[in-house]
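The block underneath contains the structure these notes are about, expressed in structure tokens.
Just so it is clear, none of the values below were taken in a lab; they were calculated from the coordinates. Quick caveat: nothing in here was measured; it's all calculated off a predicted structure. Counting neighbours? That spans all protein chains shown, and the Cβs are built from the backbone with ideal geometry, glycine included.
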Amino acid sequence: MHQSEDNKFIPMTSVSSGKVRKAREDVFYYTNQIVNVIFIGTSEGWVLVDAGMPKCGEELRLVAEDIFGANAKPSAIILTHGHFDHVGGIVHLIEHWNVPVYAHPLEFPFLTGQQSYPEPDTSVEGGMLAKISSIYPNEPIDITPALKALPGDGTVPHLEGWKWVHTPGHSPGQVALFRESDATLISADAIITVKQDSMYKVLVQKKEVCGPPVYLTTNWQAAYESVKKLEALNPQIVVPGHGTAMEGAELTEGLRKLVDEFEEGAVPEHGKFVR
């Protein structure tokens, strides 16, 4: 197994970096620089969702021990998708914990060393983080020995009561996780709550319901369909891949506006993946 050939520390941060917050009694999220890593407690232990920015493996292990106790080890790791900021510590974690990693089969080429993601679009309309996106890793990792496909029936291994929802657009095999009993949504990058191309908004974590990051989203029609699919679930709280958890009327109204004004508010005016 190995991380990507272009795996490197990315000097980006936010005011939320290093914080653990509780979204539900059994759902915690930790902001690693600019991305959220989710820890879900279960009756049998816990499950990790995503693996953060490059070089963060040891950091995430220590966070897990702060939440669940010494030598905490998950039952499994779920990857919402394989972009660099969601798999940055994955090899370290697998080697330390020796647990299975589940992902959608359409992400497998990027997780088995076979295929690179398209290079980030520095030409896309957006702020400073879009303009410097050429520094972001895009080459594949290889975690073949640990990798397993998410079940075709929509269930999530080791997470009773949760289901996975296919949300392509930002990446071919991106998934969100949803628990119907309390309408909790882990939205990955299909829906986020900070404008991810703006360096200032990311730094201060200005909260707003947004579509996926523009510089890495390659299929905007699919992204729109994914947003509609998640909005139709009527989530009462969302824990996004980027930004702060949001709930209640603020979330409901923000999602409705995102669906209604997706073309004007989420899709950039220009960029190599636009139309």
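Table for the structure above
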| read-out | value |
| --- | --- |
| Order of 59, 160, 264 - criterion: other Cβ atoms within 10 Å of each residue's Cβ, fewest first | 264, 160, 59 |
| Highest-MSF residue in the chain out of 213, 137, 118 [GNM, Cα springs under 10 Å] | 118 |
| Neighbour-count ranking [beta-carbon atoms within 10 angstrom, fewest first] of 43, 116, 14, 187 | 43, 116, 14, 187 |
| Compactness of the chain - radius of gyration and Dmax, Cα, Å | 16.9, 50 |
| Added length on full extension, which subtracts the Cα-Cα distance from 0.36 nm per residue, residue 263 to residue 1 | 90.3 nm |
| Set 73/272; 201/228; 148/207; 163/272; 73/163; 55/257 screened for pairs whose C-alpha atoms are more than 31 Å apart | 73/272; 148/207; 163/272; 55/257 |
| Surrounding net charge for residue 62, when Lys and Arg each add one and Asp and Glu each subtract one, Cβ distance under 15 Å | 0 |
| Built amide H within the under 5 Å cut-off of residue 46, gap 5+ | 75 |
| Net charge of Cβ neighbours under 10 Å - reference residue 72; Lys, Arg +1; Asp, Glu -1 | 0 |
| Cα gyration tensor category, rounded, prolate or oblate, for segment 131-275 with a/c compared to 1.5 | oblate |
| In nm, spacing of pseudo-spin labels at residue 249 and residue 125 (7 Å Cα→C-beta vector) | 3.1 nm |
| Of 38, 143, 186, the one that fluctuates the most in a GNM where the chain has Cα springs shorter than 10 Å | 143 |
